[in-house]
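> Supplied in structure tokens, the structure appears directly below.
Just so it is clear, none of the values below were taken in a lab; they were calculated from the coordinates. Remember, predicted model here, so these are calculated numbers, not experimental data. All Cβ positions, even for glycine, are placed from backbone atoms using ideal geometry, and neighbour counts span all protein chains on display.
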Amino acid sequence: MRRTLAIIAALSALPATPALAAPPMLAHQAALQIDGAATAWILTSTALVLMMTLPGLALFYGGMVRRKNVIATLAHSTAAFAIVTVLWFAVGYSLSFGTGGPATNAVIGGLQAAFLNGVTPDTAHRLAPGLPEFLWIAYQLTFAIITPALIAGAFAERIKFSASILFFFLWHLLVYAPICHQVWGGGWMGTLGVLDFAGGAVVHVSAGVAGLVACLVLGPRHGYGRDNMAPHNLALTAIGTGLLLVGWLGFNAGSAWAADGIAAVAAFNTILAAAAAAIGWTAVEWIDHRRPTLLGLLSGIVAGLVGVTPAAGLVDPKGAFVIGLLSGPACYAGAVWLKRALNYDDSLDAFGVHGVGGVVGALLTGVFATAAINPAGAGASLLNQSIGLVAVAAWSAVGTFAILMICKFTTGLRVTRETEIEGLDYTQHGETIHP
């Protein structure tokens, strides 16, 4: 017994071995200094933003297609959720918010946090030391999910489902992750001073430009400009818009990363800009078509939400009002007049609303951002905003075109004429919205 006790005592006196010590933090990490209020708010915001894709965007888009393509359209948002979530866990988060070597850090993150290696309940991202890193990962994931889902509005009713799956997979890795890192993750655009409070460029401009490239490459739907392609159920679109509007409070106010005054002003600015844009869109539509439409009001709300996204926590309500009021007519011009003039088939106006609205909002952020609302507003520059927009648009356009070419020569892009005429619901999925 004495010998046993002596051995135990000797072992307990030994210093801790390196294998038992806590692993060193990764370059992007900080020790967690938990902020309970912020954590509660970002947990809520994560749920709100996730709701924007499912069911918000799914219903918004699903109501605007023809009856024979509703299931296929809902499937795009659902597939984007599944594919991007798994990719984000595997490498997307690390590429977006991790830190690579000196040669890569300006453009894309590294793979140190692949499969969330090194992430623990006690780590935080350096950008948000008051939040558990797992929560930061979940919140940023919701942005990554909705971005490619937005693009689906441009190629709805004519793309193969297999092509959309491959497209979402490659687009997340080759377009979204690098742009996200360059603007938000410590890359060159963030260092330059490009301001994007909640995703005007990272989400909406990148998705809108991708949508424009996609609809140009695929070509118009059969019967475009001749057949009746009116929305089959605007009630679904109205429900989807309501879910987007509520969810956008998490999108914009959550991007303050805290439950504070900036989050509060971002929330109010979001609501105000949506209302102002609905008025602006409807006024122009009323003059142009001699009658206001429900679809116009709904589209105006989304246009205002898009326009205020890069500015929400950087401008005062007067600036948000102007951004919303201008975003409505600008997006109407992009969704109606520009599409008519150039005769391209952007099925659900992904470029007209998200591309145009994102550009308007990003540029006006450089005009209206103020340090009185957010200290970051002191560095606002119209020149920097313009440089950022050109860079994001170019990266998205080139990357999207390359990915579409890969899809074209592997899965194929478009369904056959007969399949398109019959409808994608039954031919691609073996289901119909009304059996």
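> Using the Cα centre of the chain as origin and beta-carbon charges of +1 (Lys, Arg) and -1 (Asp, Glu), tell me which of 325, 214, 413 is placed farthest towards the positive end of the dipole.
Ranked along the dipole, the leading option is 413.
> Let me ask you something else. Under 18 Å from a label point 7 Å along Cα→Cβ of residue 260: give me every residue in region 349-386 with its amide N that close.
370-380
> Any idea what angle helix 70-87 forms with the longest principal axis of the chain, computed on alpha-carbon atoms, 0 to 90 degrees, nearest 10?
Roughly 20 degrees between the two axes.
> While we're here: Modelling each spin label as a point 7 Å along the Cα-to-Cβ direction, I'd like the residue 406/residue 387 distance in nm, to one decimal.
Label at residue 406, label at residue 387, 3.0 nm between them.
> Nearest 20 debye, what's the magnitude of the dipole of region 228-341 about its Cα centre given +1 on Lys and Arg Cβ and -1 on Asp and Glu Cβ? If you can, show how the numbers build up before the last one.
Numbers: 5 positive and 4 negative charges, 73 e Å.
Dipole of region 228-341, to the nearest 20 debye: 360 debye.
> Another question about this same structure. What are the residues whose amide H is under 5 Å from the amide H of residue 414, where those residues sit 5 or more places off or on another chain and H is modelled from the backbone?
Counting only residues 5 or more places away or on other chains, the set is 160.
> Please get the size of the charge dipole for the chain, origin at its Cα centre, with Cβ charges of +1 on Lys and Arg and -1 on Asp and Glu, quoted in debye to the nearest 20.
Working: 18 positive and 18 negative charges, 86 e Å.
Result for the chain is approximately 420 debye, rounded to the nearest 20.
> Loop only by DSSP, 13 or fewer other Cβ within 10 Å of the Cβ. Give me the GluC sites (Glu not before Pro) in region 328-435 that pass, ordered by residue number. Show your work: numbers first, answer last.
Numbers: sites: 418, 420, 422, 431; in loops: 431.
Hits after loop and neighbour filter: 431.
> Ok, one more. Which of the aspartates and glutamates could a cross-linker bridge to residue 160, judged by Cα under 12 Å and excluding same-chain residues fewer than eight apart?
Straight-line reach from residue 160, under 12 Å: 420, 425.
> Further question: Looking at the chain, which longest stretch skips every one of the trypsin sites (Lys or Arg not before Pro) that is in a DSSP loop with at most 13 other Cβ atoms within 10 Å, leaving the sites themselves out?
Details: sites that count: 226, 290.
Of all site-free stretches, the longest is 1-225.
> Another question, if that's okay. Which ³J(HN,Hα) values, rounded to whole Hz and listed in residue order, are derived for region 225-242 from phi using the Karplus coefficients 6.51, -1.76 and 1.60 in 6.51 cos²θ - 1.76 cosθ + 1.60 with θ = phi - 60°, glycine and proline given as x?
x, 10, 7, 6, 10, 5, x, 8, 7, 6, 5, 4, 5, 5, 5, x, 5, x
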